[in-house]
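Take a look at the structure set out below.
The values are calculated or read from the model by the stated rules, or taken from the named source; none is laboratory data. Quantities reported herein were computed from a predicted structural model and do not represent experimental measurements. Please note: Cβ atoms are built from the backbone with ideal geometry, for glycine as well, and neighbour counts cover all protein chains shown. Surface accessibility is based on the protein's heavy atoms, side chains included, excluding ligands, DNA and RNA. Shrake-Rupley method; radii C 1.70, N 1.55, O 1.52, S 1.80 Å.
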Amino acid sequence: MNKYKKITLDGLIFQNPTFILVLGTCPTLGLISSAFSAMGMGLTVLVVLLLSNVIISALRKVIPNEVRIPCYIVVIATLVTFARMFLEKFVPDLYDSLGGFLALIVVNCIILGRAEAFANKHTVAEAAVDGIANGLGFTVSLTLMGIICEFFGKGSLFGLQIMDFKIGMLATPAGAFLVYGLCIAVFVYIVDGIERARRVKANKLARENMLKEAA
């Protein structure tokens with residue numbers, strides 16, 4: 001259980017693909033001006049990441065090492081094609097809002113990175129947890145920034161007008177870049193605080209154990 005907990009916490013917090021590893025910046029900067037588009041991209045990546053991790057982990061002993069990267073891309077491209085067909089048929093508004101960024105999921109660094117760094121070295125269950133955790137980390141990060149940019153940049157939230165006051169710059173690519181940088185700074189500061197607290201607690205427990213042994 002501790003193993004799965006670590007995988008989950010790494011994907012969500014300590015190795016967050018958006019705020020810590022800074023991966024997938026192209027769709028991040030291109031879509032966070034809208035909370036709807038940001039969340040839609042995040043959920044799409046989550047599904048593709050989960051399924052690609054599971055498939056690649058299941059085939060890890062079959063795929064020749066020399067052609068593993070092309071095989072990963074074939075698997076991911078197939079899943080993205082199905083995702084595009086599904087969105088175009090059932091969620092056309094989201095399909096239109098994602099535009100060309102949807103096709104770029106095929107070469108998304110998060111998905112390829114998890115396939116190479118994790119899925120091909122771990123069991124299907126571990127790869128599935130890793131896919132869900134990293135996908136959620138990406139989705140929550142994009143949605144949070146999308147809410148900030150849309151609310152303060154357009155005065156709306158998921159397309160619903162909330163207020164007249166707005167800071168137009170935050171609805172532009174430059175504003176998205178600014179929000180992204182600020183969110184990274186805040187997130188890293190919080191994570192560093194958590195890490196320091198964990199180290200202090202570990203050192204305290206170590207000292208207490210040493211005193212007990214000495215007594």
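Side notes on the structure shown:
- Per residue, in Å², the accessible surface of the stretch 92-151 once ligands and nucleic acids are set aside, probe 1.4 Å: 36 Å²
- Gap separating the Cα centres of the stretch 177-215 and the stretch 13-86, nearest whole Å: 30 Å
- Mean shadow area of the stretch 23-135 over all directions, Cα convex hull, nm²: 6.5 nm²
- Of the accessible area of the stretch 133-208, computed with a 1.4 Å probe over protein heavy atoms only, carbon and sulfur atoms account for 73 percent.
- Kyte-Doolittle at least 1.0, axis length at least 15 Å by Cα - qualifying DSSP helices, the chain: 35-58, 68-90, 124-154
- About its Cα centre, the chain has a charge dipole of approximately 780 debye under the convention of +1 per Lys or Arg Cβ and -1 per Asp or Glu Cβ, with nothing else charged.
- Protection proxy ranking of 191-203, 10-22, 139-151 - average other beta-carbon atoms within 10 Å, highest first: 139-151, 10-22, 191-203
- Lys/Arg +1, Asp/Glu -1 at C-beta; the chain dipole; positive extreme among Gly168, Ile194, Leu144: Ile194
- Summing +1 for each Lys or Arg and -1 for each Asp or Glu among the other residues whose beta-carbon sits under 14 angstrom from that of Gly135 gives -1.
- Cβ-defined net charge surrounding Ala35, 15 Å radius [Lys, Arg +1; Asp, Glu -1]: 0
- Rounded accessible area per residue of the stretch 19-78, 1.4 Å, Å²: 43 Å²
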